[in-house]
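Below is one structure, written out as structure tokens; the observations come after it.
The values are calculated or read from the model by the stated rules, or taken from the named source; none is laboratory data. Note that this is a predicted model, so its numbers are computed, not measured. Note: ideal-geometry Cβ built from the backbone for every residue, glycine included; neighbour counts use all protein chains shown.
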Amino acid sequence: MKAGLRENIAGLRPIRGLLTAVTVSRSAVMLFPFYGVYLATDRHELTVGTIGLIVGMFGIGSLVGDFASGALAARMPEKRVAIVGFLGVAATVLAISVSTELWTLVALTAIWGFCYELVNPIAYTMVSRAMPEEHRRFAFAAVRLAINAGMGIGPLIAGILFKVNPELLPWGTAIGYLASAFILARARIVSISQPDDEDTSATVGDDGAPARHGLRFWTFAAATTPIHFAYALPTTVGSVYVIHTLDQPAGWVSAIFAVNSFMVITVEIALNHAMLGLSRRSTLLIGYACATAGFVFMGFAPAATWLLLAATAVWTLGEMIIYPVMPDHISAISPNRLKARNMGFYTAHYNLGVVFAPLVFLPLLDELGAVASWSLVGGLLLAGLLTTAVISNSTRTWGVDRPRQVPALVEA
């Protein structure tokens with residue numbers, strides 16, 4: 001019998017400490033949203049160009065952290081890697097608060113980004129090890145809720161602290177991350193025994209499956225590249241599109257993020273609970289279709305600005321479906337020894353989208369206009385949808401994936 005929503009929420013008990021630590025840490029992301037203005041206010045000798053260089057190093061460090069997470073997890077327990085990441089952020093932001101030399105700030109910001117991003121793939125890996133397969137997707141949705149709730153709280157607190165005294169921002173961040181490290185250190189997160197993909201594949205006659213782990217992962221990564229590109233656009237170019245291209249007030253930018261945040265916080269858990277009986281293939285294709293429609297609709301905003309909010313609601317629906325099922329699928333196709341590495345590559349894949357999406361899209365927007373540019377994004381997503389539909393029809397490139405009835409959870 002399928003578990004009810006309340007039972008599924010109760011079943012998150014094995015990762016309750018991790019969810020709490022993630023929420024607290026994201027609520028402590030206070031310095032970064034104000035980092036540029038913090039440097040400009042406190043380091044008068046820095047030019048705008050050098051501040052841009054310093055802030056940009058955070059992204060470089062984040063990418064390195066994604067790629068390094070698997071190697072670190074192979075040498076120490078994953079929980080310890082996450083704790084090191086939390087402590088690293090706390091130590092680094094305090095060091096930044098007393099540093100004045102340019103290259104010291106550059107190096108410290110890169111280390112900060114490294115430690116910050118190190119936690120993300122490790123958290124996903126811990127979920128994949130602690131939760132049974134039939135409940136993983138719901139657990140990943142819970143992690144996203146923890147992240148988004150924290151990211152809503154952090155900038156709000158940061159704005160208050162900045163008005164009082166900008167020097168409080170590093171201390172607020174450090175205290176929050178120290179608390180997160182303490183919470184995670186005290187948490188008891190037990191990895192359940194899960195067979196590697198070799199074992200599950202063998203039971204359905206998928207001979208030679210061990211040689212196909214790499215093929216499945218990289219094929220999936222290629223098929224989902226359009227997702228990472230498209231979903232990087234609202235945060236990186238949304239304000240430019242609304243204010244510069246549409247010549248609308250900044251309030252519309254705030255409205256887009258408000259609609260997105262409200263839906264994610266209030267709907268995502270229930271939506272993923274309702275879709276637990278669907279296969280990963282069906283879930284991803286539905287999400288892909290919502291994303292395609294939503295981003296195409298973004299291009300019609302010049303005709304009616306309110307379409308921005310309607311489009312946001314549609315692509316947010318896709319986001320809430322897609323982003324829990326992607327790490328769920330990666331968990332399913334990755335043998336135990338490669339879970340942390342593949343989760344690191346997955347989060348790096350997303351961050352690469354953040355880096356390259358605005359570089360490609362803004363020139364297109366300037367040259368082609370709104371309708372054509374967003375239609376190209378929709379076409380790219382449609383190509384990804386069709387590619388996913390093709391590769392998911394073969395166990396060689398997709399693995400074993402069938403609809404399932406989710407049993408009631410037993411509380412730990």
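Based on what the data block shows, is N351 over 24 Å from R6 (Cα atoms) and in contact with a Phe, Trp or Tyr (Cβ under 8 Å, 6 or more places away or on another chain)?
In short, no.
In the range 276-294, is there at least one residue being surrounded by 23 or more Cβ atoms within 10 Å (Cβ to Cβ), hydrophobic (A, V, I, L, M, F, W, C), assigned by TED's automatic domain parsing to the domain that holds W252 and not in a helix (DSSP H, G or I)?
Looking for residues that are surrounded by 23 or more Cβ atoms within 10 Å (Cβ to Cβ), hydrophobic (A, V, I, L, M, F, W, C), assigned by TED's automatic domain parsing to the domain that holds W252 and not in a helix (DSSP H, G or I), one finds none in the range 276-294, hence no.
For the range 130-138, indicate whether the set of residues that are more than 12 Å from the chain's Cα centre (by Cα) and free of Cβ contacts under 8 Å to residues at least 60 places away in the same chain is non-empty. Quick ask: steps written out before the conclusion?
Looking only at the range 130-138, we keep the residues that are more than 12 Å from the chain's Cα centre (by Cα), and these are 130-138.
Those still in the list that are free of Cβ contacts under 8 Å to residues at least 60 places away in the same chain too: none.
Checked against the condition, which is being more than 12 Å from the chain's Cα centre (by Cα) and free of Cβ contacts under 8 Å to residues at least 60 places away in the same chain, the range 130-138 yields no hits at all.
Applying the selection to the range 309-330, what residues are surrounded by fewer than 23 Cβ atoms within 10 Å (Cβ to Cβ) and out of contact with any Gly (no Cβ under 9 Å at 6 or more places or on another chain)?
Once the filter is applied, which keeps residues that are surrounded by fewer than 23 Cβ atoms within 10 Å (Cβ to Cβ) and out of contact with any Gly (no Cβ under 9 Å at 6 or more places or on another chain), the range 309-330 yields only L309.
Conditions tested, residue by residue: (1) in a helix (DSSP H, G or I); (2) farther than 30 Å from P77 by Cα.
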| position | (1), (2) |
| --- | --- |
| T305 | no, yes |
| Y323 | yes, no |
| G344 | yes, no |
| V354 | yes, no |
| L382 | yes, yes |
| V390 | yes, yes |
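Residues that are outside any helix (DSSP H, G or I), small (G, A, S), touching a residue at least 24 places away in the same chain (Cβ under 8 Å) and touching a helix residue (DSSP H, G or I) at 6+ places or on another chain (Cβ under 7 Å): does the range 370-380 have at least one?
Within the range 370-380, none of the residues are outside any helix (DSSP H, G or I), small (G, A, S), touching a residue at least 24 places away in the same chain (Cβ under 8 Å) and touching a helix residue (DSSP H, G or I) at 6+ places or on another chain (Cβ under 7 Å).
Restrict the check to the range 362-369 and report whether at least one residue is modelled with pLDDT of 90 or more, out of contact with any Lys or Arg (no Cβ under 7 Å at 6 or more places or on another chain) and more than 20 Å from G238 (Cα to Cα).
No, the conditions are met nowhere in the range 362-369.
Any residue in the range 244-267 that is farther than 28 Å from V143 by Cβ, crowded, with 19+ Cβ neighbours inside 10 Å and in contact with a Gly (Cβ under 8 Å, 6 or more places away or on another chain)?
The answer is no; no qualifying residue exists.
Given (1) more than 24 Å from A142 (Cβ to Cβ); (2) out of contact with any Gly (no Cβ under 7 Å at 6 or more places or on another chain), identify the lone condition not met by G17.
So the condition that G17 fails would be (1).
Just to confirm my filter: which helices (runs of 4 or more DSSP H) fall fully inside the range 1-113 and include at least 2 residues that are under 30 Å from A270 (Cβ atoms)? Lay out the reasoning, then the answer.
Values: elements: 5-10, 16-27, 35-42, 48-73, 78-97.
By residue number, 5-10, 16-27, 78-97.
Which condition breaks for A270 when tested against (1) more than 16 Å from the chain's Cα centre (by Cα); (2) hydrophobic (A, V, I, L, M, F, W, C); (3) assigned to a helix (DSSP H, G or I); (4) buried (at least 16 other Cβ atoms within 10 Å of the Cβ)?
(4) is the only condition that A270 fails.
What's the total number of residues in the range 258-281 that are touching a helix residue (DSSP H, G or I) at 6+ places or on another chain (Cβ under 9 Å) and among the polar types (S, T, N, Q)?
Looking only at that region, the number is 3.
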